[in-house]
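Nothing in this text is a laboratory measurement; each read-out follows from the coordinates by a stated rule. What you are looking at is a predicted structure, and each value in this text was computed from that prediction instead of being measured. Neighbour counts run over all protein chains shown; Cβ positions are idealised from the backbone, glycine included.
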Amino acid sequence: MLTKRIIPCLDVKDNRVVKGVNFLNLRDAGDPVELGKKYSDEGADELVFLDITATLRSNKTIVDLVEKVAANVFIPFTVGGGITKADEIGILLRSGADKCSINTAAVKNPDILRESAERFGSQCVVLAIDARRTPNTTGKWHVTVKAGSEPTDIDAIEWAQQAEQLGAGEILLTSMDADGTQAGYDIELTRAVAEAVNIPVIASGGAGTLESLTEVLDAGKADAVLAASIFHYGTYTIRETKEFLQQHNVPVRPV
Amino acid sequence: MLVIIDYGVGNVRSVTNAFRYIGSDITVSCDPEIIQKAHGLILPGVGASGYAMEKVAPIAEVIKQETLSGKPLLGICVGYQLLFDESHEMGTHQCLGLIGGKVVPIPTDMDLTIPHMGWNYVKFADSMSLFDTLGDGKHFAFANSYYAQVNDPDAKVATTEYGITLTGAVEKGNIYGTQFHPEKSSNDGLQVLKNFVSICREELTC
């Protein structure tokens, strides 16, 4: 049986892991190479590295850092942040990434998903969606770009479906309303997207209590959960998280 | 010396990182002379198998010759899918034909997400050398939309459940293959690679 995945996320800025609330008020959370190795050794199921300054394409230092993190990570490793062309995915894959996440560039030019999937395979093309609840409506979310700073009029669920058609192999879905708040994932959003597509959905934004992880994997129908603060600041270890999920009948890979 | 065959399909970096981490003497190459000198071969690969077969075609004969003369070969993911007779991913493609069987899509009518992405339990067949010291089965990291239907009386098959029973890994004499990514399957995956290195070493001293 396929297990649900627990994925720590390294938000990286100036070669350090940082974490903020709703992408603001950043605080230091450690060294990406050390943290990556730690999570890989402790039994995390995957690792995500996001360059929050979105300079992957132009910044050799970041690519070198990806290489250093990858050298010690023996679980699937996703890298994203400012990718604008399929060629850049080629560079990151050669640096040790297994998958790449694309966000703003795909909104501007959806064809990048098709081209990347054709060249490198759908399994390494992750579409990242930063979704925000559309004011004064229920059950509607719109896509935001540029790290959540710029709203669009694109419907998040329709966008997820379109991305699947174009060849995305996975969706990394962040609730901008919940991100960094530790108040729980947006269950309604996650479920709506997971039910609308056949590719895996990673829920992100709002991880707080272990109950909130259970809820989004169960009621939210997510295939995986992404979390940052709760792991970086030691609220829970990967082992504690998995043991809790197991006790609540969520299938996980034992540590 | 082991050779990771780099035929230009996806990244060989993760595989190289893992072999280096376990202290193995690894060379990355697609030069036929180096492939001939190797004590063991690793055929990685991601993406579509038809495209991969096209790219591997110029060195297909040397890979087959070396393997049929007894050199250990480990195929990983799409590299593993190339070991079979043919693949039905986007058309029909002849593959290396080292193991009887064909690569077909995972059925999409089972209300399961495709790709089959993440960690699944793999149950080993009896006495598979690739899984030495790992017990009856372990979890490994998968990322596949196609799987191999093995049709070869000489092959031992490890299985995984995803709506139907899928082939997780195969072993036939000196030919080994894993649908999952051992290089991305934490300690148990690294043990699989260590086992392959031991197999190559034994072959050398025989």
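So for each of A:146-159, A:178-191, B:66-79, B:32-45 I average, over its residues, the number of other beta carbons within 10 Å; can you give me the resulting order with the highest mean first?
B:66-79, A:178-191, B:32-45, A:146-159
Report the Cα centroid-to-centroid distance between the stretch B:160-175 and the stretch B:76-96 in angstrom, as an integer.
With the stretch B:160-175 and the stretch B:76-96 each reduced to a Cα centre, they are spaced 14 Å.
What ranking do B:Met90, B:Met128, B:Met117 get, fewest neighbouring Cβ atoms within 10 angstrom at the top?
Going from least to most buried by this count: B:Met90, B:Met128, B:Met117.
Cut-off is 10 Å between beta-carbons; in what order do B:Tyr80, B:Tyr51 appear when sorted fewest neighbours first?
Lowest count first: B:Tyr51, B:Tyr80.
Just checking the output field for A:61-68: average partner chain Cβ neighbours within 10 Å of each residue's Cβ?
Counting Cβ atoms of other protein chains within 10 Å of each residue's Cβ and averaging gives 0.
Please arrange A:Asp45, A:Asp223, B:Asp25 by how many other C-beta atoms lie within 10 Å of their C-beta, fewest to most.
B:Asp25, A:Asp223, A:Asp45
Defining a contact as two alpha carbons under 8 Å apart and six or more residues distant in sequence, what relative contact order in percent does the stretch B:2-205 show?
20
Quote the charge dipole size of the stretch B:52-110 about the Cα centre in Debye, to the nearest 20; the model charges only the Cβ of Lys and Arg (+1) and of Asp and Glu (-1).
Approximately 200 debye in magnitude.
Can you compute the charge dipole magnitude of the protein assembly as shown about its Cα centre, using +1 on each Lys and Arg Cβ and -1 on each Asp and Glu Cβ, nothing else charged? Give it in debye, rounded to the nearest 20.
Dipole size: approximately 680 debye.
How would the stretch B:1-89 be classified by its alpha-carbon gyration tensor: rounded, prolate or oblate, with rounded meaning a/c under 1.5 and the a/b versus b/c comparison settling the rest?
Oblate.
What percent do you get for the relative contact order of the stretch B:124-206 when only Cα pairs under 8 Å and 6+ apart count?
This gives 32 percent for the stretch B:124-206.
As a check on your grasp of the helix formula, calculate [θ] at 222 nm for chain A: sum -39500 (n - 2.57) over DSSP H runs of n ≥ 4, divide by the residue count, round to the nearest 500.
That calculation yields -10000 deg cm²/dmol at 222 nm.
Given the DSSP H assignment, sum -39500 (n - 2.57) over each helix run of at least 4 residues in chain B and divide by its residue total; what's the result at 222 nm in deg cm²/dmol, nearest 500?
The helix contribution divided over chain B gives -9000 deg cm²/dmol.
In a Debye calculation with equal point scatterers on the alpha-carbon sites of the protein assembly as shown and no solvent, what is log10 I(q)/I(0) at q = 0.07, 0.08, 0.11, 0.13 Å⁻¹?
Scattering profile of the protein assembly as shown, log10 relative to I(0): -0.33, -0.43, -0.82, -1.14.
Can you compute the charge dipole magnitude of the stretch B:2-205 about its Cα centre, using +1 on each Lys and Arg Cβ and -1 on each Asp and Glu Cβ, nothing else charged? Give it in debye, rounded to the nearest 20.
With Lys and Arg at +1 and Asp and Glu at -1, about 380 debye.
Could you tell me what percent of the DSSP beta bridges with both partners in the stretch B:2-205 are antiparallel, to the nearest 5?
Among the beta bridges of the stretch B:2-205, antiparallel pairing accounts for roughly 65 percent.
Calculate the length of the line joining the C-alpha centroid of the stretch B:1-22 to that of the stretch A:221-255, in whole Å.
The stretch B:1-22 and the stretch A:221-255 have Cα centres spaced 31 Å from each other.
Averaged over its residues, how many other protein chain Cβ atoms are within 10 Å of peptide B:141-150's Cβ atoms?
Mean partner-chain Cβ count within 10 Å for B:141-150: 3.
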